[in-house]
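Undergrad: I'd like to ask some things about the structure below.
The values are calculated or read from the model by the stated rules, or taken from the named source; none is laboratory data. Quick caveat: nothing in here was measured; it's all calculated off a predicted structure. Every residue, glycine among them, receives a Cβ derived from its backbone with ideal geometry; neighbour counts consider all protein chains shown.
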Amino acid sequence: MNLFNRILLITVITFGSIYSAQHLKVEYENIELQDPPTSFGVSKEFQEKLKAERKKPQKFFLYYANGDSFYKSIPKESFTHNAGDARKDENTVLHKREVFKDKEIKIFKPKGQNAVYGYYSYPDIKEEFYGSTEAKFSQVEYKDETIIIDKYVCKLVEVSFPNNPSDKTKVWYTEDIPISAGPNAFNIFPGLVLRVESPQYINTAVKISNEAKLSDLEKINPKLPVYKEEEFYKKMKEIRERRSKVTKEEIRL
């Protein structure tokens with residue numbers, strides 16, 4: 001074996017061991033491309049504050065080890081807007097406060113499963129559970145285009161969803177890191193997903209390392225209920241019907 005082939009073999013073995021023996025950590029930056037939908041019953045000032053907050057890039061992290069992956073968001077900064085006061089009686093004033101509090105997104109993909117498990121918590125109605133779904137694409141088309149992200153060659157696959165087949169989402173994955181993992185449910189491709197371009201947002205990896213610890217990979221709580229597919233969608237409809245959109249506080253003088 002000549003010197004070049006020896007160096008190539010050592011490089012391949014070393015690279016392969018890095019991503020099989022250690023724990024992968026990927027930092028993503030998500031940019032929303034559309035304004036949030038107009039909420040009824042809230043003030044124009046609150047809507048403008050929400051729009052400005054949503055335009056700020058948001059951090060997400062993916063942790064991967066031993067076939068399991070865990071994806072989470074860093075919540076945006078909360079804020080409260082006073083939308084006016086109204087006197088209920090001579091001792092009570094109602095303060096209408098509009099509250100924005102971003103929820104932390106947590107998505108789990110256990111080893112050997114195609115389904116992902118999203119964590120949902122609603123303290124106001126005392127509900128806590130997981131929703132399990134599988135990625136269902138109406139079209140998957142692999143392209144010849146490539147780009148470089150953080151020194152990794154990424155290939156392109158275009159996908160669309162059954163509920164809106166005309167909208168194309170571009171998914172960039174790298175076979176240099178041959179694991180099926182990525183943001184949200186984009187984790188069924190032959191390599192780590194480093195960028196997702198949808199009509200609603202762009203999510204791009206900005207740092208890839210082996211700095212993850214086993215403690216970073218949260219585990220699914222076996223004590224919480226799990227709702228799967230149609231059962232999950234019915235549950236979410238029920239949750240929306242039970243929750244109010246605006247927080248009101250009564251403060252006695």
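Undergrad: Looking only at the stretch 150-190, count how many residues are more than 19 Å from the chain's Cα centre (by Cα) and crowded, with 18+ Cβ neighbours inside 10 Å.
TA: Here the count works out to 6.
Undergrad: Please determine, by comparing only the residues of the stretch 50-69 that are free of Cβ contacts under 8 Å to residues at least 60 places away in the same chain and of a type in the set (S, T, N, Q), which one is nearest to Asp35 (Cα to Cα).
TA: Filtering first and then ranking leaves Gln58.
Undergrad: If we only count strands (runs of 3 or more DSSP E) wholly inside the stretch 1-112, which ones have 3 or more residues that are modelled with pLDDT under 90?
TA: Per the criteria, 79-89, 92-100.
Undergrad: List every residue pair whose Cβ atoms lie under 8 Å apart, where the two residues are 6 or more positions apart in sequence or sit on different chains, the first residue falls within the stretch 160-181 and is under 20 Å from Lys111 (Cβ atoms), and the second residue, located anywhere, is outside any strand (DSSP E or B) and hydroxyl-bearing (Ser, Thr, Tyr).
TA: Pairs found: Ile177/Tyr19; Pro178/Tyr19; Ile179/Tyr19.
Undergrad: Between a first residue in the stretch 70-96 that is polar (S, T, N, Q) and a second residue that is at pLDDT below 75 and assigned to a loop (DSSP other than H, G, I, E, B), which pairs have beta carbons less than 9 Å apart while being 6 or more apart in sequence or on different chains?
TA: The qualifying pairs are Thr80/Thr247; Asn91/Leu253; Thr92/Leu253.
Undergrad: Here is a further query. Would you mention how many residues in the stretch 121-149 are without any contact (Cβ under 8 Å) to a residue 24 or more places away in the chain and either surrounded by 11 or more Cβ atoms within 10 Å (Cβ to Cβ) or farther than 30 Å from Glu238 by Cβ (or both)?
TA: 9
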